[in-house]
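What follows is a single structure, written as structure tokens, with notes after it.
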Amino acid sequence: MALAVDTARRPGVRFADARLLWPRASERLVVRNGQAETLSRQEDRGIGIRVLRRNGWGFAATSQVTRDAIRSCAHKAERLARLAERTRPSPVPWVEEARGPRNGRYATPVREDPFAVPVQRKLDLLREAERALHVSSRVKSGRASASAFLDRKWYASSDGASYESTLVHVGGGIEATAVGEGEVQRRSYPTSFGGDFAQGGFEILAGLDLVSHAAECGRLAQRLLTAPSCPKGRMDAVLSSDQLALQVHESVGHATELDRVLGYEAGYAGTSFLSPPDRGSFRYGSDAMTVEADATVPGGLGSFPWDDEGVPGQRYPLVREGRLVGFLTSRSSAGELGLSRSGGTARAEGWARTPLVRMTNVSLRPGSRSVPDLLSEVRQGIYLETNRSWSIDDRRLNFQFGTEVGRLIRHGEMQGYVRNPLYSGITPEFWGSLEATADASSWHLWGIPNCGKGQPGQVARVGNGAPWGLFRKVQVGGGG
Amino acid sequence: MRAPGRPTGSGAPTTGPGRRGGEPDPPSVRDGLQCLERLLAILPLPGDARYYGERWLTLRAANSQLYQPQLERYEAVSLRLVEEGGRVGSSTTTDLSEPGLTALVQEARTLARWAPRSRVPFSFPKDPSSPLPPLPFSPAVLTDGTRPTEALRRAIHTVSNVLPGARVSGAFHQGYQVLAVANSSGLRRGYRRGVAQASLLCEDLSRDPPASGWAERAGWDPGAVDWDGLGQEALASTPRAAAGSVPPGSYRVLLAPSAVRELLGSLFLSSLGAHAVEEGWSFLCEPARIPEIPSLLEMKEDPLSPAGLPEPMDAEGTARRRRVLLRDGVFSGPCHDLASAARTSARSTGNALPPEMPGGPIPTHLSLRPGKADRQGLLTTLGRGVLVTRFWYVRTVHPGRTEITGMTRDGTYWVENGSIAYPVRNLRFTQSVLATLAQVEAVGKESRAVADERGLTCLRVSPLVSGDFHFTSGTSY
């Protein structure tokens with residue numbers, strides 16, 4: 001590591017850092033219709049070196065972890081930084097980091113190493129869960145999956161940070177797809193698109209108890225085939241924890257990434273409807289809305305001791321009682337905004353990618369009311385649970401989400417199911433209609449393992465927590 | 001969000017490449033096959049393996065400056081082996097040393113041992129007598145970043161000179177890829193190719209709300225990227241007048257090539273794959289429900305065309321070939337890999353993805369037959385409606401009905417009497433892909449290659465005029 005940083009630190013270089021991952025490993029097991037569709041393991045290793053000259057960044061990565069290759073890689077990064085300087089007339093903003101412990105070791109507390117648990121045990125769990133999904137012939141497809149990730153990382157920078165971290169992430173889920181009546185309906189547990197993930201060992205997967213929930217999953221997928229279409233119109237909507245967490249992810253988390261706000265992701269992921277002066281003044285939502293970024297939550301998928309710029313993970317508010325108070329920041333973007341310190345949210349996928357501003361665990365805080373109390377506020381409305389489709393514009397304003405489950409609410413009571421529910425809105429208007437959030441008993445920190453951003457594309461594992469929430473006069477529509 | 005792909009890592013090259021000034025030579029097909037021979041020599045079971053050797057240069061532009069330039073090199077091997085009873089396990093590594101390959105075999109074997117027995121096992125094909133067709137190749141894919149940096153800078157200046165104060169963003173991806181495939185039945189094949197993908201976004205921030213335009217290119221020769229044309233096209237699609245509003249409703253549309261690519265993207269391509277048919281959610285499962293599609297729309301899988309990003313074989317070593325997907329309103333059967341073909345007594349169509357990528361076989365080189373209409377002819381056919389440069393964040397609403405939702409982006413216009421009347425604020429749509437295809441009235445004569453950043457899919461598409469397109473809401477910009 002010292003060789004990488006020392007080689008990169010040539011005249012004119014303001015900062016250099018290196019990340020070595022050895023190994024970065026993953027395991028994915030998928031059982032579909034009784035067959036092992038995917039049983040795969042991937043492992044790679046390598047080093048990424050980043051160089052900041054006065055007016056530009058350069059980054060190069062290689063897996064050849066030899067002295068020659070590391071020197072060559074450092075030189076390439078430095079040459080790219082020189083190239084970048086040709087197009088930038090002013091210095092790259094940058095904030096120093098001297099607070100908190102910047103050297104040390106961290107390892108995810110793991111009760112059972114997921115990579116050491118016999119494959120048979122994991123497959124038995126998945127097979128039993130998948131089998132239980134098939135409650136009738138209308139369940140055409142069942143799927144049970146589990147994944148584990150290991151990132152063992154060494155980091156060193158020219159300003160003195162040096163750490164070693166070992167992060168282990170585990171998760172999984174099940175889904176039943178029922179076909180009939182010209183319809184296709186899917187029901188997932190504990191949530192869609194691969195399930196739920198957290199930091200920890202095999203105990204995370206075992207704790208999901210997929211087997212116990214599978215039959216109900218299959219039954220509901222089948223039941224949704226013949227449910228009436230979701231009504232259309234403006235109505236009160238109660239969002240489940242998992243759906244509201246995704247809403248936070250898409251319309252708050254991404255929107256408060258400062259690199260997007262400053263235009264650095266305009267070419268691909270998009271920008272944000274927020275602007276730098278909005279901090280401290282912009283009315284994001286109702287008083288019931290408080291969102292914070294917290295990289296220190298034990299077990300969070302977006303928790304880490306240090307980010308990929310050597311900044312300790314932090315906890316701080318983004319939205320307080322409906323008002324925007326913070327952004328997710330890196331050392332460079334914080335400098336551009338004139339902040340004194342990075343929020344410590346710069347992370348990269350693996351060793352072959354450069355750090356970007358990413359979510360940590362970005363969560364909506366719970367309120368004080370019980371779920372029945374929250375429902376009692378609804379005379380006529382709809383309950384929406386588990387995302388089925390999501391789409392939001394490049395400024396994070398106009399969104400449309402579909403959910404697997406919709407249930408009508410009448411006078412505070414859950415009624416029958418409706419199929420293909422959708423809801424849509426404009427971000428600040430939608431959050432402005434947040435009447436209340438339920439208490440902590442309904443709150444869950446969900447792990448989202450596939451948050452995409454950047455060019456070349458990077459996938460980050462992040463956390464989003466939410467309780468149930470009641471929104472007034474939401475535009476609801478049915479997909480048929 | 002995206003699905004996991006190939007490993008982004010790189011492995012210690014143990015194939016003994018030569019060195020030029022400390023820099024290893026780029027991996028060759030021969031290097032890849034030699035590596036796979038070492039792997040197969042210790043493979044005790046039937047199986048197939050892939051070698052990936054790649055080098056990538058990415059230059060991003062943001063805020064009219066070069067941003068996050070990066071270089072990446074990696075080599076990796078993926079192995080799929082079959083235990084007794086058709087039990088399959090696969091594993092991937094970037095550690096190409098002997099211990100690394102030995103561990104790879106052990107990993108895959110461990111996984112396969114516990115896999116359920118396959119109901120319909122597949123077998124690996126023998127080495128075919130016919131060689132793979134040669135691909136065009138440009139040494140420019142191995143050059144450093146100096147030339148593209150200058151080209152990108154010129155493109156930024158092109159835009160800035162016309163629209164002072166415009167914010168220019170974009171990216172240029174230049175890749176060198178080697179894929180070699182070997183299996184226990186004797187197949188040994190490989191190819192190398194180049195990938196160049198460039199995009200430019202022009203935002204006029206002097207307008208409130210800001211206006212933006214877009215252009216993109218893809219091809220196998222980075223030296224052939226038309227940077228001036230890219231800048232001009234991004235400028236041309238950037239609105240120069242205040243945007244008006246279009247109320248939600250159904251309108252006729254003229255879809256530019258980038259919008260057509262998004263329309264025919266993920267859901268449609270997946271629906272043409274064997275997995276979607278086996279799972280019962282593809283529209284191919286119910287031919288009677290497919291609306292009548294006009295014969296002026298013809299689609300084929302065209303993996304060898306030099307007008308795209310040609311690939312002579314798939315990830316199982318099966319030769320890719322030209323194949324009709326839609327003709328005279330009739331869709332052909334689904335795309336297959338070896339496993340799905342065995343399950344349905346079909347033959348592989350050469351559409352296998354690497355085993356580490358989920359989703360099963362899909363067409364990755366879809367080509368739409370160009371029509372005869374030039375731009376003005378398309379506008380005249382449209383008459384009155386919405387011109388869409390690009391869609392964004394397209395997601396599935398209902399797979400069986402091919403219903404998708406998304407936004408317009410980077411140049412949306414109202415057309416009146418066959419002429420562009422004024423730019424309009426972005427719109428959300430929820431629309432069936434098949435319904436759009438069924439209402440196509442004209443296909444443009446322009447054919448444009450559009451690809452993802454690593455060239456996994458490259459579609460050749462033409463602009464389309466179609467009938468009722470459902471826009472469900474608007475935006476303030």
Where the centroid of each part is defined by its Cα atoms, how far is segment A:94-169 from segment B:340-403 in Å? 35 Å
Taking +1 at the Cβ of each Lys and Arg and -1 at the Cβ of each Asp and Glu, which of B:P134, B:Y176, B:G53 sits farthest along the dipole of chain B towards its positive end, judged by Cα position relative to the Cα centre? B:P134
When all protein chains stay in place, what accessible area (Å², nearest 10, 1.4 Å probe) is found for B:W114? 80 Å²
Mean-position separation - Cα centroids, segment A:1-36 and segment B:124-164, in angstrom: 26 Å
What is the mean number of Cβ atoms from other protein chains located within 10 Å of the Cβ atom of each residue in peptide A:453-461, rounded to a whole number? 5
Anything losing 10 Å² or more of accessible area from the isolated chain to the full protein assembly: pick those residues out of segment B:413-447, probe 1.4 Å, ligands and DNA/RNA ignored. B:R428, B:T430
How much length would be gained if the chain were fully extended between A:E377 and A:F282, taking 0.36 nm per residue of separation minus their Cα-Cα distance, in nm to one decimal? 31.4 nm
Given a 1.4 angstrom probe, I'd like the percentage of the accessible area of segment B:19-236 that is carbon and sulfur, rounded to a whole number. 50 percent
Which order do the peptides A:416-425, A:105-114 come out in when sorted by mean C-beta neighbours inside 10 angstrom, highest first? A:416-425, A:105-114
Output ³J(HN,Hα) for segment A:393-399: one whole-Hz value per residue in order, computed from phi by the Karplus curve 6.51 cos²θ - 1.76 cosθ + 1.60 with θ = phi - 60°, and x for Gly and Pro. 6, 6, 10, 6, 10, 8, 10
Treating only the Cβ of Lys, Arg, Asp and Glu as charged (+1, +1, -1, -1), what charge dipole size does the protein assembly as shown show about its Cα centre? Round to the nearest 20 debye. 880 debye
Student exercise, segment B:249-474 dipole from Lys, Arg, Asp, Glu Cβ charges, in Debye to nearest 20: 440 debye
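Any idea what the dipole of segment A:221-290 comes to, in debye rounded to 20, about its Cα centre with Lys/Arg Cβ at +1 and Asp/Glu Cβ at -1?
Values: 6 positive and 8 negative charges, 66 e Å.
That gives a dipole near 320 debye.
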For segment B:249-474, the accessible surface attributable to carbon and sulfur atoms (probe 1.4 angstrom, ligands and nucleic acids excluded) amounts in percent to 50 percent
Interface B/A, total buried accessible area with a 1.4 Å probe, nearest 100 Å²? 7700 Å²
Env charge @ A:Q185, Cβ radius under 15 Å, K,R +1 / D,E -1, value +3
For chain A, the longest principal axis of the Cα atoms and the Cα long axis of helix A:210-225 enclose an angle in degrees, to the nearest 10, of 60 degrees
Residues A:D6 and B:E150, FRET efficiency given R0 of 35 Å [Cβ-Cβ distance, rounded to 0.05]: 0.70
Other chains' Cβ within 10 Å of B:55-61 residues: what's the mean? 4
Got a sec? What order do B:K372, A:K232 fall in by accessible area at 1.4 Å, biggest, i.e. largest, first? B:K372, A:K232
Using a/c under 1.5 as the rounded threshold, could you call chain A rounded, prolate or oblate? The axes a ≥ b ≥ c are square roots of the C-alpha gyration tensor eigenvalues, and prolate needs a/b larger than b/c, oblate otherwise. oblate
The answer for chain A, accessible area per residue at 1.4 Å probe in Å², is 32 Å²
Given H placed 1.01 Å from N in the peptide plane, which residues other than close sequence neighbours of B:F391 have an amide H under 5 Å from its amide H? B:A259, B:E262
Candidate lysines - alpha carbon under 28 Å from A:K140, same-chain residues fewer than 8 apart omitted: A:K122
Give the distance, in whole Å, between the Cα centre of segment A:383-440 and the Cα centre of segment B:221-294. 27 Å
Determine ³J(HN,Hα), in whole Hz, for all residues of segment A:129-137 in sequence, where each value follows from phi through the Karplus function 6.51 cos²θ - 1.76 cosθ + 1.60 and θ = phi - 60°; x replaces Gly and Pro. 5, 5, 4, 5, 5, 7, 7, 7, 5
Given A:S157, A:G180, A:G200, which one lies farthest toward the positive end of the charge dipole of segment A:101-227, if we put +1 on the Cβ of every Lys and Arg and -1 on the Cβ of every Asp and Glu? A:G180
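How many Cβ atoms of partner chains, on average, are near each residue of B:272-279 if near means within 10 Å of its Cβ?
For this peptide, the per-residue mean of nearby foreign Cβ atoms is 2.
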Roll a 1.4 angstrom probe over the protein heavy atoms and tell me the percent of accessible area of chain A that is carbon or sulfur. 47 percent
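From Cα pairs below 8 angstrom and at least 6 apart in sequence, can you work out the relative contact order of chain B, rounded to a whole percent?
Values: 1241 pairs, mean separation 73.8, N = 477.
Once normalised by length, the contact order is 15 percent.
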Quickly work out the B:E416-to-A:R67 label distance, labels modelled 7 Å from Cα along the C-beta direction, and quote it in nm with one decimal. 7.5 nm
In Å, the Kirkwood estimate of hydrodynamic radius for segment B:249-474 over Cα pairs equals 17.8 Å
Assuming R0 = 22 Å, what is the FRET efficiency of A:T226 and B:S332, from their Cβ-Cβ distance, to the nearest 0.05? 0.10
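Which value in deg cm²/dmol, rounded to the nearest 500, describes the helix-derived mean residue ellipticity at 222 nm for the protein assembly as shown, given -39,500 (n - 2.57) per DSSP H run of n ≥ 4 and division by the residue count?
Using -39500 (n - 2.57) per qualifying helix, the result is -5500 deg cm²/dmol.
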Take B:K126, A:K453 and sort them by solvent-accessible surface of the protein heavy atoms, 1.4 Å probe, largest at the top. B:K126, A:K453
Using a cut-off of 20 Å between alpha-carbon atoms, which aspartates and glutamates can reach A:K232, once sequence neighbours fewer than 8 places away in the same chain are excluded? A:E183, A:E385, A:E404, A:E413, A:E429, B:E403
Relative to a virtual label point 7 Å from the Cα of A:R54 in the Cα→beta-carbon direction, which members of segment A:76-95 show backbone nitrogen distances below 12 Å? A:85-86, A:89-92
Dipole check, the protein assembly as shown, charges on Cβ (K,R +1; D,E -1), about Cα centroid: among A:F327, B:P164, B:A438 the Cα furthest to the positive pole belongs to B:P164
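The values are calculated or read from the model by the stated rules, or taken from the named source; none is laboratory data. The shown structure was predicted, so the numbers you read here are calculated from the model rather than taken from an experiment. Here the Cβ is made from the backbone with ideal geometry for all residues, glycine too, and neighbour counts use every protein chain on show. Protein only, heavy atoms only, side chains kept; ligands, DNA and RNA dropped before computing areas. Shrake-Rupley method; radii C 1.70, N 1.55, O 1.52, S 1.80 Å.
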